[in-house]
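Remarks on the structure that follows.
The values are calculated or read from the model by the stated rules, or taken from the named source; none is laboratory data. No experiment lies behind these values; they were computed from the predicted model shown. Heads up, the Cβs are rebuilt from the backbone with ideal geometry, glycines too, and the neighbour counts pull from every protein chain shown. Keep in mind that these areas ignore ligands, DNA and RNA; they rest on the heavy atoms of the full protein, side chains included. Shrake-Rupley method; radii C 1.70, N 1.55, O 1.52, S 1.80 Å.
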Amino acid sequence: MADPAPTSGWPPPHPSPPLPAPREYGVPGTPTRRPPYVVGAVVALVLVAVVVAVVLLVTGGDDPEQGTAREPVASSSAPAEASESASAAPAYSCWDGSAATDLAQCSAPSGEAGLRWVFPGLADARCGKASAGGPGVTTRVLCVYRLADGSRAQVGLFAWASVADGQAFYDGQGLQRDATTTADVVTWGATEGGRAKLATMYAAAPYSATVTYPAAGALSAEDRAALSPRPVGEVTGVATQ
């Protein structure tokens, strides 16, 4: 019998190459493809590492137990040191040259130096040594002073046991309170024979000055300023700031 006649589909077409077998994860000899969740975890770790690096760069790598970044030593201590220096600086200079942070720490003027401090306008007067005075007087210093007109005047500087003792003494001398008396300073004046007398005393501090001068003359404003005590708020010391 003759072979069958060929047909259009003969011989049968060769099939396409078979598809490769599916890759198995973890099978030796086959490429391993990471699952999507593994890739996501790796990306997350990388992002965390970047954030940590940025934080360390900003904070300087401080110990996490500190909670916050440490302040530089210079910036934290310098203002404190400046503040301490300012607060420690003495605010007052006492009459005897000592320093004090409060005027109440200064002692009351005493001796010749103390009386010259109270009456600074008499710095050029020639004075003798301090001595004890009469009743109620703790210190007396006698001086010679030239008035503005050139005449010679005698000045007595006194430190009293109390303000009352000083005022009682001048009131008992027959002196009249002068019109220049103020709330801080009391003055007395009188003229007898060829001599005139003017006494000046604090109203609330036990220091006074008595000047005796020729009655023919007159005390100028300059003389009165020189014989006046310093402001009552500066009896024991002055502010340095």
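Report, by residue number, each residue of segment 156-176 that is in contact with a Ser or Thr (Cβ under 7 Å, 6 or more places away or on another chain) and not in a loop (DSSP other than H, G, I, E, B).
Step one: list which residues in segment 156-176 are in contact with a Ser or Thr (Cβ under 7 Å, 6 or more places away or on another chain), which gives 156, 158-161, 166.
Answer for segment 156-176, where residues must be in contact with a Ser or Thr (Cβ under 7 Å, 6 or more places away or on another chain) and not in a loop (DSSP other than H, G, I, E, B): Gly156, Phe158, Ala159, Trp160, Gly166.
Please give the number of the condition Trp160 fails out of (1) without any contact (Cβ under 8 Å) to a residue 40 or more places away in the chain; (2) more than 18 Å from Ser220 (Cβ to Cβ).
(1)
Mind listing whichever residues of segment 163-180 are touching a residue at least 40 places away in the same chain (Cβ under 8 Å) and open to solvent by 40 Å² or more (accessible area, probe 1.4 Å)?
Result: Asp165, Thr180.
Please find, among Ala204, Ala183, Ala159, Ala221, the residue that is within 28 Å of Ala100 (Cβ to Cβ), surrounded by fewer than 19 Cβ atoms within 10 Å (Cβ to Cβ), within 41 Å of the chain's Cα centre (by Cα) and modelled with pLDDT of 90 or more.
When all the criteria are applied, what remains is Ala204.
When you scan segment 143-155, how many residues do you find that are among the hydrophobic types (A, V, I, L, M, F, W, C) and not in a strand (DSSP E or B)? Break it down stepwise before answering.
Applying the first criterion (among the hydrophobic types (A, V, I, L, M, F, W, C)) to segment 143-155 yields 143-144, 147-148, 153, 155.
When the remaining residues are screened for being not in a strand (DSSP E or B), the result is 147-148.
Qualifying residue count for the region: 2.
Taking into account only those residues within segment 131-156 that are in contact (Cβ under 8 Å) with a residue 24 or more places away in the chain and among the aliphatic types (A, V, I, L, M), which is surrounded by the most Cβ atoms within 10 Å (Cβ to Cβ)?
Only one residue tops the list, namely Val141.
Scan segment 126-139 and tell me whether some residue there is of a type in the set (A, V, I, L, M, F, W, C) and assigned to a loop (DSSP other than H, G, I, E, B). Break it down into steps so the answer makes sense when it comes.
Initial filter on segment 126-139 (of a type in the set (A, V, I, L, M, F, W, C)): 127, 130, 132, 137.
Okay, now just the ones that are also assigned to a loop (DSSP other than H, G, I, E, B), so 130, 132.
Yes - at least one qualifying residue is present in segment 126-139.
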